[in-house]
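*Asks:* Structure in structure tokens, see below.
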Amino acid sequence: MQLCFTLSMPNVGSWNGSWSGNNQLYAVIRSFSKRQEINAASILEKRSFYYDFGDGWGASVRVTQPECGGVRKIRKATKGFCGYDWMIDEIIQHGRILTLQERRATA
């Protein structure tokens, strides 16, 4: 099973109220083995995860299951994940994006 994680910034704390990446695709495809399919299904069921940076900025990670043939198109069009791959890792490991305090406590 493959899932597509797509990043957006719905809350923007910049001086002009916009994110420079608004018109770009920031997506990552992750593959799950048969053994991991239950975890992948629960992530897919939630569909959306939000992280508040606490400074006016907020990130949203939307999870979808790509259509047949869609993986190649996504991989070709994506600009990466802006260094926020850790959000995907936390969604997979914890079922959500941890708060900064939670992340510090687990380090």
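The values are calculated or read from the model by the stated rules, or taken from the named source; none is laboratory data. None of these values were measured; they are calculated from a predicted model. FYI the Cβ positions are ideal-geometry reconstructions off the backbone, even for glycines, and counts take in every protein chain you see.
*Asks:* Any idea which of (1) at pLDDT 95 or above; (2) in a helix (DSSP H, G or I) is the one Phe49 doesn't satisfy?
*Replies:* Every condition holds for Phe49 apart from (2).
*Asks:* Suppose we filter Gly54, Gly17, Gly80 for residues that are under 16 Å from the mean Cα position of the chain (by Cα), in a loop (DSSP other than H, G, I, E, B) and of a type in the set (Gly, Ala, Ser); which single one remains?
*Replies:* Gly80
*Asks:* Hey, another quick one. Counting just the residues of the stretch 57-74 that are touching a strand residue (DSSP E or B) at 6+ places or on another chain (Cβ under 6 Å) and assigned to a helix (DSSP H, G or I), which one comes out farthest from Val12 (Cα to Cα)?
*Replies:* By that ranking, first place goes to Val71.
*Asks:* Moving to a separate point now. Give me the pairs, please: first residue somewhere in the stretch 7-36 and more than 15 Å from Ser48 (Cα to Cα), second residue anywhere and at pLDDT below 95 and of a type in the set (Phe, Trp, Tyr), beta-carbon distance under 6 Å, and either six or more positions apart or on two chains.
*Replies:* From residues that are more than 15 Å from Ser48 (Cα to Cα), the pairs are Val12/Trp19; Gly13/Trp57.
*Asks:* Anything in the stretch 59-69 that is touching a residue at least 40 places away in the same chain (Cβ under 8 Å) and either surrounded by fewer than 15 Cβ atoms within 10 Å (Cβ to Cβ) or not hydrophobic (A, V, I, L, M, F, W, C) (or both)? List them, or say none.
*Replies:* Ser60, Arg62, Thr64, Gln65, Pro66
*Asks:* What single numbered condition from (1) among the polar types (S, T, N, Q); (2) modelled with pLDDT under 95; (3) not in a helix (DSSP H, G or I) fails to hold for Gln36?
*Replies:* Failed condition: (3).
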